[in-house]
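Here you go, one structure.
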Amino acid sequence: MATQNTIPPFKSGTVTDALLKDHREIESYYNEVINSNDHDHQERYANQFTWELARHSVAEELIIYPAFEKYLGTKGHEMAERDRKEHHEVKEQLKKFQNMKPKNPEFIPTLKSLMSNLSQHIKEEESMDIPALEKVLSEDHNYSGVSEKLAKNFGRTKAFVPSRSHPSAGENPPFESVMGLLTAPLDHISDIFRKFPDKTINPNPSTK
Ligand SMILES: [Fe+2]
Ligand SMILES: [Fe+2]
């Protein structure tokens, strides 16, 4: 299993650009939690981490994994299946973590164990899946502009998906994704009462 980040150079606005930005953002929120002893700071960034990871995962399942299947045939189908399985595990861990407070002795161990699975998954996406998709889209002129369109759809979808982990949401489109989307407004209402980093005045997914 490849663990090296071998991603080739990419243009801004492409699907690679969108996914890599999200991955770095998720990692930065993780680091904020892990490298702090301040419970208030940890709680804010844990909520930010949960929010970003939950909507990143469901938007990948709704927009990016179906694109693997559409543009990469059998290989793409295998990638999508493996990725959905890995997401399911991480989302189960996130569901456990999202209800924990920093004073809980399991708070950091749970987050670290989640992150070790997530890092492996991100490495696979970045070293194999995303480059394979970007390659086929850039080499076939019939697919000109598709990468940019996928990036846009991915960004828009993030605005409408749940901001907390509901493990089955999005994994089996279309039925479960519809069920998952129904929980999104409830998540967004609860977000009003959660603490976020000061610069996130209120998590408003429509701004991203
Ligand atoms: Fe993923
Ligand atoms: Fe991802």
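Read-outs: derived from the displayed coordinates by stated rules, not from any lab. Computed from a predicted model, the values in this text were never measured in an experiment. We place every Cβ from the backbone using ideal geometry, glycine too, and count neighbours over all the protein chains shown.
Please turn the phi angles of the range 149-166 into ³J(HN,Hα) values with the Karplus equation 6.51 cos²θ - 1.76 cosθ + 1.60 (θ = phi - 60°), one per residue in order, whole Hz, x for glycine and proline.
Couplings: 5, 4, 4, 5, 4, 4, x, 5, 4, 4, 6, 10, 9, x, 9, 10, 7, 10 Hz.
Let me ask something else. Past the 22 Å Cα-Cα mark, which pairs from Lys75/Lys152; Lys85/Lys112; Lys96/Lys195; Lys75/Lys123; Lys149/Lys195?
Working: Lys75/Lys152 24 Å; Lys85/Lys112 19 Å; Lys96/Lys195 18 Å; Lys75/Lys123 18 Å; Lys149/Lys195 33 Å.
Beyond 22 Å between Cα atoms: Lys75/Lys152; Lys149/Lys195.
What FRET efficiency comes out for Ile192 versus Asp38 if R0 is 22 angstrom and r is the Cβ-Cβ distance? Round to the nearest 0.05.
Working: r = 23 Å, r/R0 = 1.03.
Using R0 = 22 Å, I get an efficiency of 0.45.
Also, I was wondering about something else. Which one of Thr50, Asn117, Phe154 is farthest out on the positive end of the charge dipole of the range 15-207, using unit charges on Cβ (Lys, Arg +1; Asp, Glu -1) and the Cα centre as origin?
Highest projection toward the positive end goes to Thr50.
Report, please, the projected area of the range 15-207 averaged over directions, based on the convex hull of its C-alpha atoms, in nm².
Details: hull surface 41.3 nm².
One quarter of the hull surface, i.e. the mean projection, equals 10.3 nm².
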